[in-house]
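Engineer: Before I ask anything, here is the structure I am working with.
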Amino acid sequence: MEISLKARDFVEQIDNFSQHKLTNRDAIELLIELTWATPYGQQRIDEIAFLSKFLSNTYGILKRSTSETEGYEKLTGEFQKNLEKVIEELKGLVDAAPPETKEKFSSMFLTMSAESFENLMNLLHDLSWLKNWYIDQKSSA
């Protein structure tokens, strides 16, 4: 799928804001392009960014915790529930992509494998920068 200069420039702003910490720029550019090209795309990406921030922070906490940690079970349940939500939102957004692009994205981020899960968590971390950027833009306006 061809990515517009507008989407590339937008992701460049996010990357600069993150101090060049984005690891999946191509995937973010694709998602932004699809956001602007689909009905309800902005609502989807807003929800994805919100969930990404929550999931990235929660994943970090879970990695440092053990099953004996107080609240671990509840946090794990919340993590799983919101992970399913973000996957559905991503699928809904990527559904508008050409079949080859959709397949590539799905196999990289949405399959049931350890590598795909790690890729997804990295993508969500990148997307949490989008949420941070939105917050920063609102506070400077």
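Quick note: the coordinates plus some simple rules give every number you see, no bench work behind them. Quantities reported herein were computed from a predicted structural model and do not represent experimental measurements. Backbone-built Cβ (ideal geometry, glycine too); neighbour counts: all protein chains shown.
Engineer: Go through segment 29-79 and report how many residues are of a type in the set (A, V, I, L, M, F, W, C) and under 19 Å from Phe105 (Cβ atoms).
Structural biologist: Final tally of qualifying residues: 11.
Engineer: Step by step: first the residues of segment 80-114, then only those that are basic (Lys, Arg) and within 19 Å of Glu33 (Cα to Cα), then the one that is surrounded by the fewest Cβ atoms within 10 Å (Cβ to Cβ). Which residue is that?
Structural biologist: For segment 80-114, the residue satisfying everything is Lys91.
Engineer: Looking only at residues that are surrounded by fewer than 17 Cβ atoms within 10 Å (Cβ to Cβ) and polar (S, T, N, Q) in segment 19-44, which one is farthest from the chain's Cα centre (by Cα)?
Structural biologist: My answer is Gln19.
Engineer: Against the condition more than 21 Å from Phe17 (Cβ to Cβ), small (Gly, Ala, Ser) and in contact (Cβ under 8 Å) with a residue 60 or more places away in the chain, how does Ala97 come out, does it pass?
Structural biologist: The answer is yes for Ala97.
Engineer: May I ask you to list pairs of residues, at least six apart or on different chains, whose Cβ atoms are under 8 Å apart, with the first in segment 56-74 being touching a residue at least 12 places away in the same chain (Cβ under 8 Å) and the second being part of a helix (DSSP H, G or I) and of a type in the set (Gly, Ala, Ser)?
Structural biologist: The qualifying pairs are Ser56/Ser128; Asn57/Ser128.
Engineer: Determine, yes or no, whether Ile61 is of a type in the set (A, V, I, L, M) and closer than 23 Å to Asp136 by Cα.
Structural biologist: It is false that Ile61 is of a type in the set (A, V, I, L, M) and closer than 23 Å to Asp136 by Cα.
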